[in-house]
Amino acid sequence: MSGDDWDDWDSWGPGMRPGMTGRDDCAWGPGMMGGGYWQRGDGTPVETLHQARQRADTFADRLNLRVGEVMQFSKNFYAELQTHDGKPATEILVDPSDGDTGIEYGPAMMWNTDYGMHQRGRTETRISPAEAQERAQKWLHDRGSDLTVGEAEAFPGYYTLHTLRSGEISGMLSVNASTGAVWDHTWHGIYITTSER
């Protein structure tokens, strides 16, 4: 799945985009994650961090979570959802073309042990935040990248780290907290800006 394909929902694959099954406002139907992985937008383009935060807030309310960091990329908006005591819970995307909002594919959907597709409770955390940083940096180095990584932020079952170029955010990747596998977030496009809560 390439980030270059994110311009429409076809890149999400069969059964993974809005309208495939379930209620009119979510892709997966009632009973999964408290009402669905997806919430349809109203067709209005989302152009600013403020608008993206509003969409993210509406989605977060469904999961009894709150929105933390919101980031704008050339292909989508990204938001971190947190528990009410400030712990990272999951990651979501907002489609800038129509406001569709849902759990970010990749690690948030496949590795998140509390809010992902394979909810199974906590797995053993074998990888520390420092080890996640080391693995992420080695992964980049082994691919000839000059990027570095920021701090490892712990989500249920995995870590997400910003990738940096000359100390500035370039993108992000994740490290599985049990296996140490690395997953590059290739679907964002070019980083533009960030809004902290």
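The values are calculated or read from the model by the stated rules, or taken from the named source; none is laboratory data. If you're wondering where the values come from, they're calculated on a predicted model, not measured in any experiment. Cβ placement follows ideal geometry from the backbone for every residue including glycine, while neighbour counts extend to all protein chains displayed.
To keep it simple, each residue is scored yes or no on (1) under 20 Å from the mean Cα position of the chain (by Cα); (2) over 20 Å from residue 108 (Cα atoms); (3) part of a loop (DSSP other than H, G, I, E, B).
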site: 132; (1), (2), (3): yes, no, no
site: 136; (1), (2), (3): yes, no, no
site: 141; (1), (2), (3): no, yes, no
site: 144; (1), (2), (3): no, yes, yes
site: 160; (1), (2), (3): yes, no, no
site: 163; (1), (2), (3): yes, no, no
site: 173; (1), (2), (3): yes, no, no
site: 180; (1), (2), (3): yes, no, yes
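So residue 38 ticks every box in (1) crowded, with 19+ Cβ neighbours inside 10 Å; (2) at pLDDT 95 or above; (3) not polar (S, T, N, Q) but one. Which box is left unticked?
(2)
I'm trying to understand the selection: among the residues of segment 128-180, which are of a type in the set (Lys, Arg) and crowded, with 17+ Cβ neighbours inside 10 Å?
Once the filter is applied, which keeps residues that are of a type in the set (Lys, Arg) and crowded, with 17+ Cβ neighbours inside 10 Å, segment 128-180 yields only 135.
Give segment 182-197 a look and list any residue that's at pLDDT 95 or above and exposed (fewer than 13 other Cβ atoms within 10 Å of the Cβ), or say none.
Those that are at pLDDT 95 or above and exposed (fewer than 13 other Cβ atoms within 10 Å of the Cβ): 190, 193.
Anything in segment 167-197 that is polar (S, T, N, Q) and out of contact with any Gly (no Cβ under 6 Å at 6 or more places or on another chain)? List them, or say none.
170, 174, 176, 178, 179, 193, 194, 195
Here are the criteria: (1) at pLDDT 95 or above; (2) of a type outside the set (A, V, I, L, M, F, W, C); (3) buried (at least 22 other Cβ atoms within 10 Å of the Cβ). Tell me which single one residue 115 does not satisfy.
With (1) at pLDDT 95 or above; (2) of a type outside the set (A, V, I, L, M, F, W, C); (3) buried (at least 22 other Cβ atoms within 10 Å of the Cβ) applied to residue 115, the lone miss is (1).
Could you pull out the residue among 172, 117 that is touching a helix residue (DSSP H, G or I) at 6+ places or on another chain (Cβ under 7 Å), among the hydrophobic types (A, V, I, L, M, F, W, C) and under 21 Å from residue 87 (Cβ atoms)?
Result of the check over 172, 117: 117.
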